[in-house]
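Written below as structure tokens is the structure these notes are about.
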Amino acid sequence: MEQRHLGRTGLRVSRIGLGTLTWGRDTDEHDAADLLKTFWEAGGTLVDTADVYGDGESEYLLGKLMDGLVPRRDLVISTKAGSVPDPDRRFDGSRGHLLSALDASLARLGTDYVDVWHVHAYDPLTPMDETLAALDTAVGSGRVRYAGVSNFCGWQLAKAATWQLAAPGARTRLASTQMEYSLLQRGVEREVLPAALDLGIGLLPSSPLGRGVLTGKYRNDSAPAGSRGASEHLALFVEPYLDDTASRIVDAVTTAADGLAVTALQVALAWVRDRPGVAAPIVGARTAQQLTAALSVEALSLPDEICRALDDVSAPVHRYPDHDWSTL
């Protein structure tokens, strides 16, 4: 699998990443082992998790598999901290919480460092410089090799990255930002992606297949057995992309796939993988067979005319102040 630099850093990652959102909850150890081995054998390196996935079980399961199935040195492990199970405070970006969460993640993963550590979301109740100082402490201690953020909007990302760059050598520059990005969700193109491109931050798209909808499996208002749309945990996660607008985009993806003699999954994944600024889409497969189907996109590059057609059918509305106001 082709390797790409993560933002403006020396770290190289596989251009498709493996997501572990459901590990330890809907994905058991046997299936997780099949997924990780399939990914590794295909040349994949980037594995993404978080301390809240499966209440920590995702990290624990990944650590258990690294102990005997796949060598730690062959993987680039990305995890996140900052989300908390508190209805009154969903995110905690305080220094104390983040550093304690990092220690707990390392213990579950069974490793003494993570390659990339992300702040899971912006915490409006904690000064940003305190949150960022925790990243500097983590990197300075050797427990983290590279740092990033997740789910920061454009101004938050730009402010955080600029703060880090203001003291080169003393602060850790942001390597990456993880955001949802697909043909069904192009909101990052308004401000986040331009900021990331300008600041040399690599984008790691989550849900690159539109939460599974872009595969075409939910056409005709059906949710196949075993799919996320049929899961009691994830049905509400899929539901926002089952509207008429999404249906038109899925139809266009399917038409393009038929014309290229490939699958809708391959078309949707190739589109987001090759967008400017993207380092590696994170794919969360349920089975090794599904993952193999996703990894087969390695050989596919979409023709320019197909990309333009998909751009047009999925184009978000960008008006003032995102475009030059003088032309409006």
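The values are calculated or read from the model by the stated rules, or taken from the named source; none is laboratory data. This structure is a prediction, so every number in the text was calculated from the model and none was measured. Positions of Cβ are generated from backbone atoms using ideal geometry, with glycine treated the same way; all protein chains shown enter the neighbour counts. Heads up: the accessible areas ignore ligands, DNA and RNA and are worked out on the full protein's heavy atoms, side chains in. Shrake-Rupley method; radii C 1.70, N 1.55, O 1.52, S 1.80 Å.
If you take the square roots of the eigenvalues of the alpha-carbon gyration tensor of region 11-106 and sort them as a ≥ b ≥ c, do you get rounded (a/c under 1.5), prolate (a/b over b/c) or oblate?
Cα axes put region 11-106 in the prolate bin.
Among HIS97, HIS30, HIS118, what's the order by accessible area (1.4 angstrom probe), most exposed first?
Putting HIS97, HIS30, HIS118 in descending order of accessible area: HIS30, HIS97, HIS118.
With the cut-off at 1.5 for a/c, could you classify region 19-71 from its C-alpha gyration tensor as rounded, prolate or oblate? Let's see the in-between values first.
Numbers: a/c = 1.71, a/b = 1.60, b/c = 1.07.
Here region 19-71 falls in the prolate category.
How large, in percent, is the carbon and sulfur part of the accessible surface of region 66-129 at a probe radius of 1.4 Å?
Solvent-exposed carbon and sulfur of region 66-129 make up 50 percent of the total.
For the chain, what is the accessible area per residue in Å² when the probe is 1.4 Å?
I get 45 Å² per residue for the chain.
Mind listing which trypsin sites (Lys or Arg not before Pro) in region 1-66 are in a DSSP loop and have 13 or fewer other Cβ atoms within 10 Å? Write down the numbers at each step before the final one.
On the way: sites: ARG4, ARG8, ARG12, ARG15, ARG25, LYS37, LYS64; in loops: ARG8, ARG15, ARG25.
Counting only loop positions with at most 13 other Cβ atoms within 10 Å, the trypsin sites (Lys or Arg not before Pro) in region 1-66 are ARG8.
Show TRP155, TRP40, TRP23 ordered by accessible area, largest first, where the area counts protein heavy atoms only and the probe is 1.4 Å.
Descending order: TRP155, TRP40, TRP23.
Quick one, what does Rg over Rh come out to for the chain if you take C-alpha atoms and the Kirkwood Rh? Walk me through the numbers before you get to the answer.
Working: Rg = 19.2 Å, Rh = 20.2 Å.
Using only Cα positions, Rg/Rh for the chain is 0.95.
Can you list the lysines whose alpha carbon is less than 29 Å from that of LYS37, not counting same-chain residues fewer than 8 positions off?
Here the lysines satisfying the reach criterion relative to LYS37 are LYS64, LYS80, LYS217.
Membrane-span-like helices in the chain: DSSP H runs reaching 20 Å or more (Cα, own axis), mean Kyte hydropathy at least -0.5? All intermediate terms of the calculation are to be shown ahead of the outcome.
On the way: long enough: 95-109 (21 Å, 0.45); 244-260 (24 Å, 0.33).
Helices meeting the span and hydropathy rule in the chain are 95-109, 244-260.
Could you tell me how far the Cα centroid of region 32-92 sits from the Cα centroid of region 194-220, in Å?
19
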